[in-house]
Amino acid sequence: MQRYIVMRAGQSIIALLILSMIIFALGRFTGDPIILLLPQEASQETEDAIRAHYGLDQPWPVQYWKFISNAARFEFGVSIKSKRPVMDLIGPKVMNSLRLGLAGMVITLVIGIPLGVLAAVKRDTFFDGGAKLIAILGQSLPQFWVGIMLIQFFTVQLDLLPAAGTGGITHYIMPAFTLGWWVAAAVMRLLRSSMLDALDGEYIKMARIKGLPEYRIVWKHTFKNALIPVLTFAGTYLATFITGAILVETVFAWPGLGRLVYDSIIWRDFPVLQTLVMMIAAVVITVNLAVDIAYAYIDPRIRYN
Amino acid sequence: MATTSTALAGRTAFRERGRQAAETLKRAPLIPMAIIIIVVFTATFAPLLTPHSTTQPSLADRLTPPVWQEGGSWENPLGTDALGRDLATRLMYGGRVSMLVALFTLAIGGGIGTAIGLVSGYFGGKVDAICMRSADSTLAFPIILFAILLVVAVGPNLANVVVAIALVLWARYARVVRGEVLALKERDFIARARVAGCSHLRILLFHLFPNTVNTLLVLLTLQVGWVIIVEASLSFLGAGIPPPTPAWGSMVSDGREYVDTAWWVSAIPGLAIMLTVVAFNLFGDWLRDTLDPKLRQV
């Protein structure tokens, strides 16, 4: 077990290092950073002096080492747009994004789990059909467009909900729904098929023979087992959530990290963007690591694979 | 007597086959297929189908509503955008971008992924471990971020969008093809090919690869919708094909400022995305059920 954890953790660190190299290389692609720092009429001496000051005259491996040792201390340079340290821009937005993410997750669970179970239990009925429709739409509707159409309907037509920004609970409804239902459709589809598999199991027949009430068979015996394959995809869902958050925060002008990603595209603000990508990658990789380790505890077969 | 019965059996079998084929065709999703044909056709022949320009502004006609609404005309059947450009025309040319991106990413990403999947499954061991670990890491990473990073660093154009999406797409093909190869390589015909002295390369190309074609075809169709959505999301965020070239995602974005006065500017390109993606998904589902039912879980 310990060997497995050490191995998986090692893999995660390698993944993060590879990503940091890619980002470093892309950073050099954006052109010589010196051009951004210098006035146009600067002489060769000034340029050399500044180059030396920022360590840009050093060989690449040395520059890369400096890059990751700074990254480890959360120093990611200065934003091109606002000229402030990147971390000052990111810090205040973290909580906003977390709050929206949490609200979206609640929506996902509230829609995805009951519908997935219902579709499997009432197979080939009206519910199953409805669930299938939602799953198809969930895969095919572009999230950003759903957001705009919601604004069109609930803000412009009915004047019920605020279209943008943060504030009271009403500000959460549309963004959280847009963010959550995308993953809800995926959760629902997977839960339906794993529920159907689990309902076929011998132990379910046994439970039926014992005369257990149906709700106990469904929720206790089947649902718990059916949830395992769904949890396997936790990492993938997280990735989907982050992608969604960028689009949703852009549509609803939500002052979070996703909106910051959008701003840094518009301003071609590479220092901000590289920091966000590094941070998000670190979170994604850590969550995946945690899921894998939790799994190895639950299911010993995984360790020997 | 015996010959008659064989002939009869042969005829029944023939009829049975014909009946099955007819049955399969009857269940073919006609509406999705029609949508796909329309999108591909209008995207290919866009310059011949419309008298309008995609980029030339015509401020006198700005925000004309679609023909079925008051103030609309057949001149611009789907209305115009804020610069007075014909939406139907931009929709057709936007379809071009979507189709081109889908074509290139699936060819490149699918090709690389298939190659890696074949090698990974066939040789196993360390090669397999490294390939599959990389595939898993790729799949768990929010692809859009990587694409955005690439585009901001190198600049937005068709090639970069294609590269960014293909860099993520390969992983899905690698995983599925590897799974197929793992099952196939235990079969007798592979062992016999080896006994007959076939090289590894020959076995991979002429014995294993042809047996994965059905699966690949299904997977390719099912991924078209996904690629269209990712491309649209990128161009919505301003990290796709740069304006004034029309792309469905940036067209939705253009309409954001006019949700209260001109709903059609955002709504119509979004509907085009949705219909196209639904069509490709339903068509892919049908193809899977017909060619390769065991892929159901993918």
Result: in the protein assembly as shown the number of Lys pairs with C-alpha under 21 Å apart, spaced 8 or more or on different chains, is 14
A chain fully extended from B:Val154 to B:Val40 at 0.36 nm per residue, minus the present Cα-Cα distance, gains in nm 38.1 nm
Cα-only Rg/Rh for region B:129-227 with Kirkwood Rh rounds to 1.10
Computed over all unlike Cα pairs, the Kirkwood hydrodynamic radius of region B:211-298 in Å stands at 14.4
Taking Cα atoms only, helix B:209-236 is inclined relative to the longest principal axis of chain B by an angle, in degrees rounded to 10, of 20
Which of B:Ser199, B:Ser53, B:Ser134 fluctuates most in a GNM of chain B (C-alpha springs under 10 Å)? That residue is B:Ser199
Bounding extents of region B:143-291 in its principal axis frame from Cα atoms, largest first in Å, are 72, 37, 20
Nearest 10, in degrees from 0 to 90: the angle of helix A:2-29 to the longest Cα principal axis of chain A is 50
Of A:Ala184, A:Ala135, A:Ala15, the most mobile residue in a GNM of chain A (C-alpha springs, cutoff 10 Å) is A:Ala15
All alpha-carbon distances of region A:136-263, grouped into 10 Å bins from 0, give the whole-percent distribution 12, 32, 24, 18, 11, 3, 0
What one gets for region A:56-172 as the Kirkwood radius, inverse of mean 1/r over different Cα pairs in Å, is 19.0
Over the Cα atoms of the protein assembly as shown the radius of gyration and the largest Cα-Cα distance (Dmax), both in Å, equal 26.9, 105
Rounded to the nearest 10 degrees, the helix B:143-154 long axis (Cα) sits at an angle to the longest Cα principal axis of chain B of 60
Chain A, Gaussian network, Cα under 10 Å: of A:Tyr215, A:Tyr262, A:Tyr64, the residue fluctuating most is A:Tyr215
Rg/Rh over Cα atoms for region B:1-128, Kirkwood Rh, comes to 1.30
Rounded to the nearest 500, the 222 nm mean residue ellipticity computed for the protein assembly as shown from DSSP H runs (n ≥ 4, each -39500 (n - 2.57)) alone is -23500 deg cm²/dmol
The computed P(r) of region A:201-305 puts the percent of Cα pairs beyond 25 Å at 48
Scalar couplings 3J(HN,Hα) for region B:109-123 by Karplus 6.51 cos²θ - 1.76 cosθ + 1.60 (θ = phi - 60°), nearest whole Hz, x for Gly and Pro, are x, x, x, 4, x, 4, 4, 5, x, 4, 5, 4, x, 6, 8
Computed from every Cα-Cα pair in chain B, P(r) in 5 Å bins starting at 0 and rounded to whole percents is 1, 5, 10, 12, 13, 12, 11, 10, 8, 6, 4, 3, 2, 1, 1, 0, 0
Bounding extents of chain A in its principal axis frame from Cα atoms, largest first in Å, are 88, 59, 29
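A short reminder: the numbers here are calculations on the coordinates, not readings from a lab. As the structure is a computational prediction, the values presented were derived from the model and not from experiment.
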